[in-house]
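Here's the structure we're looking at; comments come further down.
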Amino acid sequence: MEETVNTRRWLMTGLGAAAAAAVLVPGTAGAQTRASNFRPARHTQDNWMDELKGQHRIFIDSSTASGGAEAILYANNLYMASESGYSLKPADLAIIVCLRHFATPFAYNDAAWKKYGKAFANIMQFKDPKTGLPPSSNLMNSADYGFALPNLGVTLKSLIERGTQFAICDLATNVFAAQIAQDTGASKDSVYKELVASAIPNSHFVPAGVVAVTRAQEYDYSLLAAG
């Protein structure tokens with residue numbers, strides 16, 4: 001338990017501080033004017049963001065268990081409202097859901113949750129609302145929980161079918177792998193490789209979720225925060 005608390009503290013202080021820095025904006029008109037002449041560098045690691053088709057670009061950021069579930073709901077709402085209000089189709093939207101920090105394990109499949117669900121839940125402080133126990137599957141894949149979870153029954157599968165892309169925090173993945181390795185006696189590298197292999201479809205590992213937040217804005221994505 002002490003190691004789990006230390007892992008959560010590291011995530012909160014390390015990644016949390018980086019997240020705060022990522023959303024800072026210029027505070028004066030002069031600074032904004034100078035920023036207008038700025039052209040961000042391009043990196044091949046970010047090319048996938050610019051290759052997505054769509055008339056509207058939206059990046060949904062999440063960093064908590066509830067925020068990850070809400071991000072899934074928000075993506076669904078964007079599709080629904082764009083269709084009902086603007087007659088747009090899913091292909092007209094380029095939506096990226098970022099699962100970072102404590103939301104990162106929602107980017108892993110059911111097999112990973114079956115094996116490591118207890119470790120995920122302990123760090124995320126997330127339990128199955130039906131049992132009160134750590135989940136043994138990724139509950140974001142289930143439509144059976146309704147209002148018991150913030151995604152209101154919207155599933156990852158339904159978003160993937162409409163073309164939603166997912167940015168997965170590699171830094172947090174390494175932290176989870178290190179904690180699992182410490183708990184189980186396995187090697188950190190082997191657990192990390194398992195987690196990477198368990199990634200959901202349409203996903204892209206990014207060096208850190210907070211980096212992806214900034215890169216997306218440099219590629220003209222509107223930022224929507226969940227949680």
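Within the stretch 46-87, track down each residue that is closer than 19 Å to residue 213 by Cα, aliphatic (A, V, I, L, M) and more than 17 Å from the chain's Cα centre (by Cα).
Correct list: 52 only.
Does residue 82 meet the test of being part of a helix (DSSP H, G or I) and either over 15 Å from residue 150 (Cα atoms) or aromatic (Phe, Trp, Tyr) (or both)?
yes
Of the residues 87, 63, 36, only one is farther than 23 Å from residue 191 by Cβ and either modelled with pLDDT of 95 or more or aromatic (Phe, Trp, Tyr) (or both); which?
87 is the lone residue from the list that is farther than 23 Å from residue 191 by Cβ and either modelled with pLDDT of 95 or more or aromatic (Phe, Trp, Tyr) (or both).
Cβ contacts < 6 Å: first residue under 10 Å from residue 195 (Cβ atoms) and in contact (Cβ under 8 Å) with a residue 24 or more places away in the chain, restricted to the stretch 160-176; second residue buried (at least 21 other Cβ atoms within 10 Å of the Cβ) and among the aliphatic types (A, V, I, L, M), any location; separation 6+ or different chain. Result?
Every condition considered, the pairs that remain are 168/99; 168/107; 173/195.
Are there any pairs, at least 6 apart or on different chains, whose C-beta atoms fall under 7 Å, with the first in the stretch 115-134 and closer than 15 Å to residue 173 by Cα and the second at pLDDT below 95 and buried (at least 19 other Cβ atoms within 10 Å of the Cβ), and if so, which?
Listed by first residue and then by second, the contacts come to 123/7.
Going by what's in this entry, would residue 129 be described as of a type outside the set (Lys, Arg), at pLDDT 95 or above and more than 24 Å from residue 215 (Cα to Cα)?
Judged against the criteria, residue 129 is a match.
List the residue pairs whose Cβ atoms are under 6 Å apart, where the first residue sits in the stretch 66-89 and is within 23 Å of residue 102 (Cα to Cα), the second is surrounded by 22 or more Cβ atoms within 10 Å (Cβ to Cβ) and among the hydroxyl-bearing types (Ser, Thr, Tyr), and the two are 6 or more positions apart or on different chains.
From the stretch 66-89, the pairs are 68/62; 71/62; 75/164.
Find all pairs meeting these conditions: Cβ atoms under 6 angstrom apart; at least six residues apart or on different chains; first residue within the stretch 37-59 and under 13 Å from residue 221 (Cβ atoms); second residue among the polar types (S, T, N, Q).
58/222
If you check 189, 220, 144, which single one turns out to be at positive phi, modelled with pLDDT of 95 or more and exposed (fewer than 15 other Cβ atoms within 10 Å of the Cβ)?
Of the residues listed, the single one that is at positive phi, modelled with pLDDT of 95 or more and exposed (fewer than 15 other Cβ atoms within 10 Å of the Cβ) is 220.
If you go through the stretch 179-191 one residue at a time, how many are in contact (Cβ under 8 Å) with a residue 12 or more places away in the chain and either hydrophobic (A, V, I, L, M, F, W, C) or part of a loop (DSSP other than H, G, I, E, B) (or both)?
2
Count, please, the residues in the stretch 88-115 that happen to be more than 24 Å from residue 221 (Cβ to Cβ), over 18 Å from the mean Cα position of the chain (by Cα) and not charged (D, E, K, R).
The number of residues fulfilling the criteria is 1.
Only one residue in 176, 166, 205, 147 is outside any loop (DSSP other than H, G, I, E, B) and more than 17 Å from residue 107 (Cα to Cα). Which one?
Result of the check over 176, 166, 205, 147: 147.
State which residue is surrounded by the most Cβ atoms within 10 Å (Cβ to Cβ) when the search covers only the stretch 192-202 and only residues that are among the aliphatic types (A, V, I, L, M) and part of a helix (DSSP H, G or I).
Keep residues of the stretch 192-202 that are among the aliphatic types (A, V, I, L, M), which gives 195-197, 199-200.
If we keep only those that are part of a helix (DSSP H, G or I) too, we end up with 195-197.
Values: 195: 26, 196: 17, 197: 11.
So, considering only residues that are among the aliphatic types (A, V, I, L, M) and part of a helix (DSSP H, G or I), the one surrounded by the most Cβ atoms within 10 Å (Cβ to Cβ) is 195.
Can residue 57 be described as within 23 Å of residue 197 (Cα to Cα), basic (Lys, Arg) and buried (at least 17 other Cβ atoms within 10 Å of the Cβ)?
Here the answer is no, as residue 57 does not meet what is asked.
Take the stretch 98-114 and flag every residue that is assigned to a helix (DSSP H, G or I) and either in contact (Cβ under 8 Å) with a residue 40 or more places away in the chain or closer than 15 Å to residue 70 by Cβ (or both).
101, 102, 103, 104, 105, 106, 107, 111, 112
The values are calculated or read from the model by the stated rules, or taken from the named source; none is laboratory data. Remember, predicted model here, so these are calculated numbers, not experimental data. Neighbour counts are summed over all protein chains in view; Cβ atoms, including those assigned to glycine, are modelled from backbone coordinates with ideal geometry.
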